[in-house]
Amino acid sequence: MTFPLPFSRYGSPTDVRWWCEPVSAFADMPVPADDAARIGRLARDVDRLRAVAGTVLLRRAVARISGVSTADLRVLRTCRRCGSDRHGKPWFPETDVHASASHSGWFVAVAVAARPVGIDIEAIAAHASGEWGLDEWVRVESVLKATGDGLAVDPRSVELRLDGDHRRVTAYGEGTLDAVTVDLPTGACAVGAVTVLGTGPLVLKRGDLRDLDEADGVRQ
């Protein structure tokens, strides 16, 4: 199965709309049957709650930016590691946008852009100490999510270099990757980063749930 992941060079700015919201904002919201089946396979109640929040926010955000109604929006997944359609980076065949979702602790985040994008957040309270600093980890994870490779690529092979107010990927796997990473102002309880494939600068705009409530599925 093919899916849209262009890796060509870009030079123009990329607008990135992103949201970071409490999981509780999406409690008891319905999800489509395919998503409900996927979420139902999760073992823990807390994981199911986070997955519902991520699914609802992702669908509404993509519908808001693309102009496709949530009822008509198809969300497909393909794992680049195993080929499964039950998980992996989401893509949206009726639209020309890319999106990524993340959740940690009691927060859920989504980023939407015209180019392949990855977002990662980590709740500070949920972070376990280890070989990775929290800021460093969310940057690397956002890179892996932007490509769709996930942990099929060794995170330790990803290197970033500070370049003004953003970072550029200088090493990826056994080669290189054109990608720009920016830290997100997520607040005192979490840290986050977003990566977009390409060389151009990123223009970030934080979304508000009221945008989604007032104009679900209407292109801005």
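Odds and ends about this structure:
- Judged by the mean number of other Cβ atoms found within 10 Å, the most tightly packed of the peptides 70-81, 185-196 leads the ranking 185-196, 70-81.
- Cβ crowding within 10 Å averaged over residues, with 20-32, 105-117, 141-153, 170-182 ranked highest first: 105-117, 141-153, 170-182, 20-32
- Helix screen, the chain: DSSP H segments with Cα axial length of 15 Å or more and mean Kyte-Doolittle hydropathy at least -0.5 are 45-66, 134-147.
- For the chain, the relative contact order works out to 26 percent when only alpha carbon pairs closer than 8 Å and six or more residues apart are counted.
- Cα lying deepest toward the dipole's positive end in segment 138-196, options 147, 193, 180, charges on Cβ: 193
- Here the chain exposes an accessible surface that is 51 percent carbon and sulfur, computed with a 1.4 Å probe and the other protein chains kept in place.
- Dipole magnitude (debye, nearest 20) for the chain, charges at Cβ of Lys, Arg, Asp, Glu: 380
- Heavy atoms of the protein chains alone define the surface here; on that basis the chain has 49 Å² accessible area per residue at 1.4 Å probe size.
- HN-Hα J in Hz across segment 186-193 - Karplus 6.51, -1.76, 1.60, θ = phi - 60°, x for Gly and Pro: 7, x, 6, 9, 8, 10, x, 8
- Matching label, Rg/Rh (Cα atoms, Kirkwood Rh) computed from the structure shown, candidates (1) 0.96; (2) 1.03; (3) 0.93: (3)
- Sum of -39500 (n - 2.57) over DSSP H runs of 4+, divided by residues of the chain (222 nm, nearest 500): -7000 deg cm²/dmol
- Label point distance in nm, residue 125-residue 29, each placed 7 Å from Cα along Cα→Cβ: 2.2
The values are calculated or read from the model by the stated rules, or taken from the named source; none is laboratory data. All values derive from a computational prediction rather than experimental measurement. Positions of Cβ are backbone-derived with ideal geometry, glycine not excepted, and every protein chain shown enters the neighbour counts. Side chains are part of the model used for accessible areas, which takes the heavy atoms of the whole protein and leaves out ligands, DNA and RNA. Shrake-Rupley method; radii C 1.70, N 1.55, O 1.52, S 1.80 Å.
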